[in-house]
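S.K.: Just dropping this structure here.
The values are calculated or read from the model by the stated rules, or taken from the named source; none is laboratory data. Predicted model, so just to flag it, every value in this text is computed and none were measured. Virtual Cβ from ideal backbone geometry, glycine too; neighbours counted across all protein chains shown. Calculation scope for accessible area: heavy atoms of the full protein, side chains included, ligands and nucleic acids excluded. Shrake-Rupley method; radii C 1.70, N 1.55, O 1.52, S 1.80 Å.
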Amino acid sequence: MKLLSETKTLTAAACNAQMELPLQSLVREIIDAATDHANALGFGYDRLLANGNAWVLSRLCVEMQRFPAVGDTYTLTTWIEATNRHFSTRNFEITDSNGTTLGHSRTVWAGIDRQCPVAPPARLRFASKNPTVTPYTVQVSDIDSNRHLTTARYVELAVNCLSLDDYDRCFPGRFDISFMKECRFGEALDISHSLDGSTLDVAIANSAGETCCDARIILTER
């Protein structure tokens, strides 16, 4: 089973203000498809958990020509590009009902011993000297079964750094995120962001000043 494809229809309830599939929802679907495919291949979460191991998403990027609109039927297909002793590279293609490519995603997953932290991966560098900083405290609805901030919530925190006017004018043509440290329930965070032309850079740090993740959204004019 080298490929796994999942087809969905975008309902009005699942749309954003632009009547399109939100970036954070696409990221959720990417993670779900990766989980389904790993389970089908016999190395999913339950299999690794039995050996005291786990999959952790290390890096993710998404490039879109356009997002599915309300009522559109679209297909998400995933496959594994490469593996080594520590990491697995998994790719995705998003196509419309005619088979036309809407975009792609590339993810890097680390297989870790749950008793040991994964080494920080290569990451984006937040370089702004005068960022806008917004405080945030991790809520109950933000966490997953590991009691960490979910990947989709990281995406939402980045997405919320832009205005509604920004999204009416543009869509996220490319999104990158790199994780360094988990954020846990009740933790106080600082969300720093800076918009330079069409590029939004975001850094999320904890109260100790440690960077938990860096993200970048490159906007494309509609």
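S.K.: When the accessible area of the chain is split by element with a 1.4 Å probe, what percent falls to carbon and sulfur?
M.R.: Carbon and sulfur together cover 49 percent of it.
S.K.: Could you sort Ser5, Ser163 by accessible area so the largest value comes first, with the probe set to 1.4 Å?
M.R.: Ser5, Ser163
S.K.: Report the one residue of Ile191, Tyr136, Ser58 whose Cα lies farthest in the direction of the positive end of the charge dipole of the chain (charges on C-beta: Lys and Arg +1, Asp and Glu -1; origin at the Cα centre).
M.R.: With unit charges placed on the Cβ atoms, the residue in question is Ser58.
S.K.: Let me ask another. State the extension gain, in nm to one decimal, for the chain segment bounded by Glu156 and Met1, taking 0.36 nm per residue of separation less the distance between their alpha-carbons.
M.R.: Once the chain is fully extended between Glu156 and Met1, it gains 52.6 nm.
S.K.: How much accessible area per residue does the chain have, in Å², with a 1.4 Å probe?
M.R.: Per residue, the chain has 52 Å² of solvent-accessible surface.
S.K.: Cα gyration tensor of the chain, axes a ≥ b ≥ c as square roots of the eigenvalues: rounded (a/c below 1.5), prolate (a/b > b/c) or oblate?
M.R.: oblate
S.K.: For the stretch 127-222, run through the GluC sites (Glu not before Pro) and keep only the ones in DSSP coil with at most 13 other Cβ atoms within 10 Å of their Cβ.
M.R.: Listed in order of number, the matching sites are Glu210.
S.K.: Continuing with this model, one more query. With all protein chains present, calculate the accessible area of Tyr136 using a 1.4 Å probe and round the result to the nearest 10 Å².
M.R.: Looks like 50 Å² after rounding.
S.K.: For Cα pairs less than 8 Å apart in space and 6+ apart in sequence, what is the mean separation divided by the residue count of the chain, i.e. the relative contact order in percent?
M.R.: For the chain, the relative contact order is 20 percent.
S.K.: Using the Karplus curve 6.51 cos²θ - 1.76 cosθ + 1.60 with θ = phi - 60°, work out ³J(HN,Hα) for each residue of the stretch 101-110 in order, rounded to whole Hz, and write x for Gly and Pro.
M.R.: Those phi angles translate into 6, 9, x, 9, 9, 10, 10, 10, 10, 10 Hz.
S.K.: Any idea how far apart Phe185 and Thr101 come out in nm if each label point goes 7 Å out from Cα toward Cβ?
M.R.: Distance between the two pseudo-spin positions: 4.2 nm.
S.K.: About the Cα centre, and with charges only on the beta carbon of Lys, Arg (+1) and Asp, Glu (-1), how big is the dipole of the stretch 148-208? Nearest 20 debye, please.
M.R.: Computed charge dipole of the stretch 148-208: roughly 220 debye.
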